[in-house]
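Input: a single structure, listed below in structure tokens.
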Amino acid sequence: MKPIFVRGVSNQFRLTLAIILSVALLAANHRLDPIRQSLSSVLSPLQYLANVPGVMLDWSAEAFATRNMLELQNKELLRQQLVMSERLQRFEHVRQENERLRALLGSPVHMDSRKVVAEVMEVASDPFRQFVVLNHGSQTGVYVGQPVVDAQGVVGQVIEVSEFTSRVLMVSDTSHGIPVRVTRNDVRAIANGTGDIDQIELRHVAKSTDIIAGDLLVTSGLGNRFPEGYPVARVISVSRDDGQSYAVINAQPLAALDRIRYVLLIWPDETTPFTLPADLVELIEKNVAASQATGEQTTEQQATGQQATSTTGDNASLNQPAVNPAGANAQNPTVVDPTGANTQTSPAVNPAGANTQSPPAVNPVATNDHNQSSSEPITQSSEVNQ
């Protein structure tokens, strides 16, 4: 007779199998990324389908909105447009001036070439992970590490991309860190998430660092991940305890992370070169031409000096005294005359003991010829006397 309840697999075997599978999945985690992306691309239509009720609700709310609500909304939008237009005009002037100064200093100009508005399709339900899913993927050009901002500040960065969707890790997540600087004094720090959607913190900041409540934190541009100058958070509290090595600094993100609906994907500009204004180009060309002319004049002066030095050296080599082995006349050398001959110009070696009045000679043969021609008038005088 068979028992009613058949004994199944033992609990020890189940535990062992679970441990083995867990270790295998941990070891092959990085190799499963293509599979995850493929599954995400396959499940993207389901995400769009799940988002249809929210889209229909928004459309219904807009369709049944009263006239008074639309008028008030229109007036508010018009007011915001005027305010933003005035700020944009001032910012445009500041931007042009900043570009001119950066061009004069030779500093690279940071610009954004492309921006795309994306809609939030899904919010993470995991309490330990804070991310959202956007309706743009690799077809739009979204890449891992791309910065994401909204109308108030930085939201986070893309950590996973599929064909039609992408996942954005928000700045409040515990695993997220972003380099920031204080606009008041350019103090740099790292802002890390705390797990609280309304709070981030600056870790490992010295107690003597000049940071106070109310300081605005913006992206510093370090790490080449977030462009420089985007607002991140505002400092809400600073605590300096003598018993702690570092100050405890808390800040509140400026982006509305708990109610974001539309965000902005940013592509940094890496191909479009910056063009200098015409007046700056003309000024730089004049300076280059003047420097080239000055360099040519300096080169000519150096060449003239070298030529003069070479000529002087040649003359000096010609005027150097020469030793006459044949007993020829010598003018410059100063040596001892063993024969005690009379010398009128300078003492020289003369075996024959003859008087020397002729200039210095380099060639012994030429010198002898010169001496012969010089001695002819003396011979003729002797003949006349006879």
Report task. Can you run down the residue pairs with Cβ atoms below 8 Å, 6 or more apart or on separate chains, where the first is in segment 20-44 and more than 11 Å from VAL161 (Cα to Cα) and the partner is at pLDDT 85 or above? Result -> LEU32/LEU25; SER44/GLY137; SER44/SER162; SER44/GLU163; SER44/PHE164; SER44/THR165
Query raised in the report: Among the residues of segment 192-216, how many are closer than 25 Å to ASP242 by Cα and not in a loop (DSSP other than H, G, I, E, B)?
Result: 9
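Please verify whether segment 7-14 includes one or more residues that are of a type in the set (A, V, I, L, M, F, W, C), surrounded by 10 or more Cβ atoms within 10 Å (Cβ to Cβ) and modelled with pLDDT of 80 or more. Give the steps one after another, and end with the answer.
Let us first name the residues in segment 7-14 that are of a type in the set (A, V, I, L, M, F, W, C), namely 9, 13.
From the residues that got through so far, the ones that are surrounded by 10 or more Cβ atoms within 10 Å (Cβ to Cβ) too are 13.
With modelled with pLDDT of 80 or more added as a condition, the list becomes 13.
Yes, that holds for at least one residue.
Yes or no, residue by residue, for (1) surrounded by 13 or more Cβ atoms within 10 Å (Cβ to Cβ); (2) of a type outside the set (D, E, K, R); (3) in contact with an Asp or Glu (Cβ under 9 Å, 6 or more places away or on another chain):
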site: GLY177; (1), (2), (3): yes, yes, no
site: LEU202; (1), (2), (3): yes, yes, no
site: GLY214; (1), (2), (3): no, yes, no
site: ARG225; (1), (2), (3): yes, no, no
site: VAL232; (1), (2), (3): yes, yes, no
site: ASP241; (1), (2), (3): no, no, no
site: GLN244; (1), (2), (3): no, yes, no
site: PRO253; (1), (2), (3): yes, yes, yes
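The values are calculated or read from the model by the stated rules, or taken from the named source; none is laboratory data. All values derive from a computational prediction rather than experimental measurement. Using ideal geometry, Cβ is built from the backbone for each residue, glycine included, and neighbour counts are taken over all protein chains shown.
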